[in-house]
Amino acid sequence: EMVDWLSEKQELTSEHIDEILHRFEEKGYIDDVKYARSKVTSMKASLMGERRIIKDLKSKGVDEEIITQVLEELKEEDEETSNAIRYAGKIQHQIKDKSLRKTKMMIAQKLYAQGFTQEVTQKALQVLNFEDEISEERRVLRQQAMKAKQRYEKKYSGVELRNRVFRYCSSQGFEIDDIYLVLSEMEWKNEHES
């Protein structure tokens, strides 16, 4: 494309054009691999087939070897992402009675431990369906708050007990507004003691 543009718009010899392109490549202004990767990703997102992608990139002057290399790399990444999604789905069904935030964090940690990159892990988390966790979160929060209250009641009472339960629920990844709501529904003895 650059050769065509320089030939049409400028009165340059082919040697000058080659020299300009060489300098651009040295400085990193022209990178066929980066260009091909960007184009292949966007064309795949537009649901174009490989034959069309190859044809379009060849018409832009990208070497067929580079196109093939990029297509192979992206296939491997797609396969890695689908493996991460399958593994994350298995993990998700094993995690019970946790906040949505904590569930996502635990899945991410297990994916990292399994050797998936942060980018692949984020893609997998975006694909997973968390509707069950969202609908159950308030029930799980109530359950966790009651457990914490029973545990801390032996040592604390009043405002201190309530603060301890709040901190525990917060550390478990529940939303602050939800915690306040659930704590306001619970019964507290000696509320004005410290």
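The values are calculated or read from the model by the stated rules, or taken from the named source; none is laboratory data. Because the structure is a prediction, the values reported are computed rather than measured. Glycine gets a Cβ as well: all are built from the backbone with ideal geometry, and neighbour counts include every protein chain shown. Quick note on the areas: whole protein, heavy atoms, side chains included, nothing else; ligands and nucleic acids left out. Shrake-Rupley method; radii C 1.70, N 1.55, O 1.52, S 1.80 Å.
Across the accessible surface of the chain, with the other protein chains kept in place and a 1.4 Å probe, carbon and sulfur atoms take up 48 percent.
Treating each Cα of the stretch 63-170 as one equal point scatterer and applying the Debye formula with no solvent, the log10 of I(q)/I(0) at q = 0.19 Å⁻¹ comes out as -0.93.
Annotation: lysines with alpha-carbon distance below 28 angstrom to K75 (same-chain offsets under eight excluded): K34, K39, K44, K55, K58, K60, K90, K104, K110, K123.
Please state the charge dipole magnitude for the chain, taken about the Cα centre, from unit charges on C-beta atoms (+1 on K and R, -1 on D and E), reported in debye and rounded to the nearest 20. Walk me through the numbers on the way to the answer.
Details: 34 positive and 39 negative charges, 391 e Å.
My answer is approximately 1880 debye.
Along each principal axis, taking the top coordinate minus the bottom one, the Cα set of the chain gives 91, 32, 26 Å in descending order.
Taking all protein chains into account, the per residue accessible area for the chain stands at 69 Å² (1.4 Å probe).
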